[in-house]
Each structure stands twice: as structure tokens, then as C-alpha cells.
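**Q** First the structure, which I've put down as C-alpha cells, then a few questions once you've had a look.
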């Protein structure tokens, strides 16, 4: 029996879950701004309690590794690494966009088109990738500025469903009869369960000492225009 604690903090969603052999048995999450630092450890304690587990019962800790919010990723990864160090457990990094696509495909079992998860990166830029119904990468993960030409080649003969907090802002720009946009939330630790279990069985672990989130672009500090 493989028991994994799963953490997702790449967007405004703060999410913690417990899975056993790839099936989620406990979940706690909330979508709100700037709650990760104060809520993540509380959510972990709650799901551990719901599952009736002690930390010694865990076989691994999995964390959504990005791309996504710089601050959110730092909080999630640092928490996961701290637990792994303290418990001497392996660390699993799960690609955030692939996790989102997995969640959509699990919710739409007969879907035969492509799925394009998008995380808002401000203005008309998104962190995105493109996957088929087998979760195979069609286009690589990138920071992409969306305009009228985006995905037009793929949309000629295929349906694409755009998901995530960056998708809806693009609905007026990516125009095609083959587009569908979903405002449902797939940034959830519940969608990590099968991916984390597969990584565990393949012994696909991260180096706890050196693992860093996949930021995809540099963090830029902007100076306030108004003086305090």
C-alpha cells in the first residue's frame, strides 16, 4: 500500500490531499488570494486527520512543481521538502499543467480532442502546454503570449478545450468553431493521485536537497508608483 501526501499551490488554490495506491482518500482545498502561507500546514493536518494517519505512515510527499505563481510554488515546494527531510521520505514533483490536463480527462472520459491547460501569467501571457487524450504532450510547456494566430494550425482539424485560470481571458482572442473554454478548477491535489502513484512505482523521485520549482520565467519585482 502506497500512501502519498499531495500538495498543490501553483495558483490561488491551496490544496492538500492524501492518496492510497493512486486513489484519493482525503482532500482539503480553498481558492483565495494569499492564503498559502497561513493555510497549507493546517490543510495538511486536516487531511492527515481525516485519513487517520500519522506522518510515519506516509510513503512519499508529492508537490505540484510548476509552472505557476512564484510565491505559491515556493511555499508548496519548501513545505514538501521540509517534510521529506524531517520524515526521511522521497519527494515527487508533478508537472502542474499535466496535472490539470489529467483532471480534465478524468472528468471527461470520452473526450477525444486536445486539452490546453493555461495558468494566468498576467496581461495576455499564460503558462501553457497542449496534450492529447492519452496525456501525451503535443506542444511543449511554455510562457506564451496569446493572439489571434495562437493554436490556429492545431484547430484546423481538432477540438481543443482550454482550461485553467488563464483560459477564459483568451476566449475572445482564440476564435474557432473547434474551441471550447472551461472555467472549472482543475488545480487540485486530487488530480495528482494517479500521477504521483505512477512516479512512486517507477522510483521517479526528486533530489530533496537541490529540487527547485519550475518557474518557467524569472520573478520580476516591480516598484510601487505611489510613495508611502
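A short reminder: the numbers here are calculations on the coordinates, not readings from a lab. On a predicted model such as this, the values are computed, not experimentally measured, just so you know. Cβ sites come from the backbone with ideal geometry, for glycine too, and all protein chains shown count toward neighbours.
**Q** Would you mind telling me the antiparallel percentage of the DSSP bridges in the chain, rounded to 5?
**A** On the way: 25 of 40 bridges.
Roughly 60 percent of the beta bridges in the chain run antiparallel, per DSSP.
**Q** Based on the mean of other beta carbon atoms within 10 Å per residue, what is the order of 188-194, 122-128, most packed first? Display every interim value, and only then the final one.
**A** Working: 188-194: 25.1, 122-128: 18.4.
Ranked from most to least packed, the peptides come out as 188-194, 122-128.
**Q** Further question: If neighbour count is taken as other Cβ atoms inside 10 Å, put 210, 111, 70 in order from fewest to most.
**A** Numbers: 210 7, 111 14, 70 17.
The order, fewest Cβ neighbours first, is 210, 111, 70.
**Q** Let me ask something else. Rank the residues 55, 131 as a footprinting-exposure proxy: fewest other Cβ atoms within 10 Å of their Cβ go first. The partial results should precede the final answer.
**A** Details: 55 13, 131 21.
Least crowded to most crowded, the residues run 55, 131.
**Q** Additional query: Using only Cα atoms, tell me the angle between helix 96-107 and the longest principal axis of the chain; keep it within 0 to 90° and round to the nearest 10.
**A** The angle comes out at about 80 degrees.
**Q** Decide, for the chain, between rounded, prolate and oblate: order the square roots of the alpha carbon gyration tensor eigenvalues as a ≥ b ≥ c, take rounded if a/c falls under 1.5, and otherwise choose prolate if a/b is larger than b/c, else oblate.
**A** Values: a/c = 2.02, a/b = 1.36, b/c = 1.48.
Oblate.
**Q** Then there is this: Considering every pair of different Cα atoms, what Kirkwood radius, in Å, is found for the stretch 75-195? Spell out each step's value before the answer.
**A** On the way: mean 1/r = 0.0658 Å⁻¹.
One over the average 1/r among Cα pairs gives 15.2 Å for the stretch 75-195.
**Q** On to the next question. Using Cβ counts within 10 Å as a stand-in for footprinting exposure, how do 162, 181 rank, fewest first?
**A** Working: 162 24, 181 18.
Placing the least packed residue first, the sequence is 181, 162.
**Q** Under the classification rounded if a/c is under 1.5, otherwise prolate if a/b is larger than b/c and oblate if not, where does the stretch 73-140 fall, given a ≥ b ≥ c as square roots of the Cα gyration tensor eigenvalues? Walk me through the numbers on the way to the answer.
**A** On the way: a/c = 3.06, a/b = 1.64, b/c = 1.86.
Note, shape of the stretch 73-140 comes out oblate.
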